[in-house]
Amino acid sequence: MKKDQLLTRRRVLIAGTGAVGAAATAGVLTLATGDGPAGSVTTAGPQARRPLNSSAYRLQPLTGYGPPHAAPRRTLVRREPLLRVSGRGRTMVLTFDDGPDPRYTPAVLDTLARYDVRAMFFVCGGMAADNRNLLARMADEGHVVGNHTWSHPLLTRLTRRQIRSEMARTCDVIEDAYGERPEWFRAPYGAWNRATFQIGAELGMEPLAWTVDTLDWTSPGARSIVERVENGAAPGVVVLSHDAGGDRSQSVRALRRYLPELLDAGYHVTVPRRHYA
């Protein structure tokens, strides 16, 4: 299901996600689970997976907009921000959903490479299976690849078995093409429920939403996309854009404009890395 086939879209703000925290220049992240002290996370070092604790989630009314006749009335959120960036400076995270698409993803990667910037790509398994070379390039260039399900369904309408299949199949193709299993996932349309959180945790993934939606899926024009990013820029902001799911030429043109402006304004564009002791 492509986003530009929908009349409206969910804009999710999971409680605390907007407060990704102060920007980091030291490269240290903290994952706050809400169940005792937060674990320390660094940007380097060996990663030994451990099971995640899905009990850190609780019911909370959802803030945002949803697809017609499909928006769940409640969702699950963390008691604390999903991600905190500690340190000095001004840090932002750029994320791109729905790809990889051979028409637009290479141009996004070229722009990021030009400015030596890393980003997060939440890929759909069906797209990744057909464009494994682009995931390999993401790995080579230091980008983070997350799980955005196999076929971009509305997970709140699926059974637990179907949700697991959507996530697990995508984990497998990411591991094969990218070289590592994904550590982050994002629900299509921002539609989360208890099953999505629990199954994601069982598969070793943390959920990540966004705080600035460029609405590029509506094809508002590159100038409007640039303005949304620049107006929303702040320490700890997570920007949502798309590199697939429709004509994303405006998204590419906008990135070429706002990325150097963010860097000139003193922002450090980075990606989260989890490290387990």
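The values are calculated or read from the model by the stated rules, or taken from the named source; none is laboratory data. Every value quoted in this text rests on a predicted model; they were computed, and no experiment measured them. Ideal geometry is used to build each Cβ from the backbone, glycine not excepted, and the neighbour counts take in all protein chains shown. The area values use the complete protein model at the heavy-atom level, side chains included, leaving out ligands, DNA and RNA. Shrake-Rupley method; radii C 1.70, N 1.55, O 1.52, S 1.80 Å.
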Check your understanding: Only one of (1) surrounded by 19 or more Cβ atoms within 10 Å (Cβ to Cβ); (2) touching a Ser or Thr at 6+ places or on another chain (Cβ under 8 Å) fails for residue 202. Which number is that?
Key -> (1)
Study note, to complete from the structure: Inside region 216-231, the number of residues satisfying the requirement of being without any contact (Cβ under 8 Å) to a residue 60 or more places away in the chain and either surrounded by 19 or more Cβ atoms within 10 Å (Cβ to Cβ) or in a loop (DSSP other than H, G, I, E, B) (or both) is 8
Practice item. Output the residues belonging to region 92-101 that are out of contact with any Pro (no Cβ under 9 Å at 6 or more places or on another chain) and outside any strand (DSSP E or B). Key: 99, 101
Review point. Just one of 88, 137 is at pLDDT below 95 and either in a loop (DSSP other than H, G, I, E, B) or surrounded by fewer than 24 Cβ atoms within 10 Å (Cβ to Cβ) (or both); which is it?
Key: 88
**Study point:** Condition check for residue 201: more than 15 Å from residue 117 (Cβ to Cβ), in a helix (DSSP H, G or I), in contact with a strand residue (DSSP E or B) (Cβ under 9 Å, 6 or more places away or on another chain) and not basic (Lys, Arg)
**Key:** yes
Revision key, fill the gap. Listed by first then second residue, the pairs whose first member lies in region 146-162 and is over 14 Å from residue 199 (Cβ atoms) and in a loop (DSSP other than H, G, I, E, B), whose partner is open to solvent by 50 Å² or more (accessible area, probe 1.4 Å) and not acidic (Asp, Glu), with beta carbons under 7 Å and at least 6 positions apart or on separate chains, are 152/1
Exercise for review: Answer yes or no: is there a residue in region 180-194 that is of a type in the set (Gly, Ala, Ser), open to solvent by less than 30 Å² (accessible area, probe 1.4 Å), modelled with pLDDT under 95 and assigned to a helix (DSSP H, G or I).
Suggested key: yes
**Study point:** Tally of residues being on the phi < 0 side of the Ramachandran plot and in contact with a Lys or Arg (Cβ under 8 Å, 6 or more places away or on another chain) across region 151-171
**Key:** 1
Practice item. Check region 261-271 and report whether any residue there is within 18 Å of the chain's Cα centre (by Cα), at pLDDT 95 or above and surrounded by fewer than 19 Cβ atoms within 10 Å (Cβ to Cβ). Key: no
Study note, to complete from the structure: Filtering region 205-215 down to residues that are among the hydrophobic types (A, V, I, L, M, F, W, C) and either without any contact (Cβ under 8 Å) to a residue 24 or more places away in the chain or open to solvent by 10 Å² or more (accessible area, probe 1.4 Å) (or both) yields 212, 215
Check your understanding: In region 102-125, what count of residues is obtained for those that are in contact with a helix residue (DSSP H, G or I) (Cβ under 8 Å, 6 or more places away or on another chain), of a type in the set (Phe, Trp, Tyr) and not in a loop (DSSP other than H, G, I, E, B)?
Key -> 1
